[in-house]
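Encoded as structure tokens, the structure appears first; notes follow it.
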Amino acid sequence: MIVMQCIFIFIMSSLTTTARQCPPSKISIENELRRVHMPGFAAIVVNATDVLYAEGFGYHSPLSTEHPIDTSQSIFVIASISKTFVALAAMQLVEKEVLDLDKDVNQYLNFPIRIFHPFFPNVTITMRHILSHSTGLGSNYEEEFQHGMPGDDFVKTNLTEVTLRYLTNNASWLAKAPGNVTYYSNVNAAWGALVVERVSHLTFERYVRLMIFDRLEIGHTEASYRLADFASKREDIVEHFVYNISLLATYQQIIPQLNVVQAPNSSEWLYIPPYSISVYPAAMLRMSTYSLSIYLRSFLNNFTPRLLQKSSSINEMLRIVRQDGSVEEPDVRYALIWNWRLQNGRHLVGHRGWMPGVAHSMMINEQRNLGVILLSSGDITWGDALAQQVTTTLVNLTDQLFDCFEKKTLHSSACYQIISLYQTVTLLLSVFLFFVLLY
């Protein structure tokens, strides 16, 4: 059985990769990025021990060629990929036996009031509900548009106050009980980060620095929530632009505090100055593609031994909580922040991320032996036709890189010996048939 599986994988892999270059050529990727108006793009492929591929494309700005994208130097805000750090932090506390994913979360928060679903007050909300986006929390855009702020102004806000204001507003909740619906929310991630704060007695920002980045030997000038930490290397920050000048009035009306303007000397691009959001654990980590790849390689090693002590912990983190997909993406099923999707026939686990001016993907194959990170300055904020094209581009490039490097990984696996024997036998049979036909 395994022989047939290996030969099938080899044949299918050969068919998919002979039709296109492996990995995709730089010029083909650059042509695609121009088509979808994506100024900058960085890609890294890793296994548990090595970077297998790393390439930067385009520039930090669509208006200048002064700063090319570099996978080690260019600093992106990684948007919702930041949420995965909340899940990891929670599992660290579970291992220490100071957090139970299935107990009433109120016992950890110690807020002056009990937090509950206003329409189902007797249903307990747990950390597992929070991390799987199944609390029943919905969208409250009036509140959410106030979360954006210029520069590092999130440090002037109080995460507890911002989150409590959202949770105590009845308009923030769906008419579904906790555990009966999956609805993606930034505030769920902020809520989970608050639990980490209360249990660890550290701010979430400080917790991530001490318990994750320091253990991975990623310095504060290489990964941080604060722009100020990159003061000595501001030229490495990838700037935010949006290719749609007609959206200027919308931005100025809905989120005036972001100070969006028409880009200088351009009739096509909007420029968004550096910004943050008050629920910062949900989206505001900044780092290079290479620094993020260190984190992903640790994931491929089950986060052991530096970040987690038990391989069972990552299995718990990746176990799907509700078999039903999320309201917004029915084909996506959530574990603890990390989520599973079937993408063009391939099961992947990971997380995507987007904010105005960036669109990213960090995905791992089902065997958890290969990961692909794509960070870009594409924009999908408004869900228009261009946003769909950007999303499709990221999906297609992810698939191409998995097709390519899964084949390469195959050559280092047990299947390689079987396939080598298959190739040798095929060659000998071909030679034999040649001479039979010749004579």
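Things worth noting here:
- Segment 69-164: equivalent-ellipsoid semi-axes (sqrt of 5 x gyration tensor eigenvalues, Cα, Å): 28, 20, 13
- Cα gyration tensor shape for segment 152-298, rounded if a/c is under 1.5, else prolate or oblate: oblate
- Rounded tilt (10° steps) of 414-438 against the dominant C-alpha axis of the chain: 30
- Counting only alpha carbon atoms, the long axis of helix 289-300 and the longest principal axis of the chain meet at about 80°.
- Whether segment 8-155 is rounded, prolate or oblate, judged on the alpha carbon gyration tensor where a/c under 1.5 counts as rounded: prolate
- One quarter of the surface of the convex hull around the alpha-carbon atoms of segment 206-282 equals 6.5 nm², the direction-averaged projected area.
- Rounded to 10°, Cα long-axis angle of helix 83-95 versus longest principal axis of the chain: 80
- The alpha carbon radius of gyration of segment 139-192, expressed as a multiple of 2.2 N^0.38 Å, is 1.22.
- In terms of overall dimensions, segment 281-387 has a Cα radius of gyration and Dmax of 14.6, 45 angstrom.
- Segment 256-408, accessible area per residue, ligands and nucleic acids excluded (1.4 Å, Å²): 35
- Here the chain exposes an accessible surface that is 54 percent carbon and sulfur, computed with a 1.4 Å probe and the other protein chains kept in place.
- Protection proxy ranking of 64-71, 177-184, by the mean of other Cβ atoms within 10 Å over each peptide's residues and highest first, is 177-184, 64-71.
- Solvent-accessible surface of segment 23-167, averaged per residue with a 1.4 angstrom probe and all protein chains in place: 40 square angstrom.
- The gain in end-to-end length when the Gln309 to Asn170 segment is fully stretched comes to 46.0 nm, 0.36 nm per residue minus the alpha carbon separation.
- Seen from every direction in turn and averaged, the convex hull around the alpha carbons of the chain projects onto 24.1 nm².
- Selection from Leu216, Phe154, Ser288, by position along the positive dipole direction of the chain (Cβ): Leu216
- Shape annotation for segment 227-342: C-alpha extents along the principal axes are 54, 40, 25 Å, from largest to smallest.
- Rounded to whole Hz, the Karplus (6.51, -1.76, 1.60) HN-Hα couplings of segment 111-117, x for glycine and proline: 6, x, 10, 7, 8, 8, 6
- P(r), alpha carbons of segment 30-110 - 10 Å bins starting at zero, rounded %: 14, 29, 24, 16, 16, 2
The values are calculated or read from the model by the stated rules, or taken from the named source; none is laboratory data. From a predicted model like this one, the values you see are computed outputs, not experimental measurements. In this analysis, Cβ positions are derived from the backbone assuming ideal geometry, glycine residues included, and neighbour counts consider all displayed protein chains. The accessibility values were calculated without ligands, DNA or RNA, using every heavy atom of the protein model including side chains. Shrake-Rupley method; radii C 1.70, N 1.55, O 1.52, S 1.80 Å.
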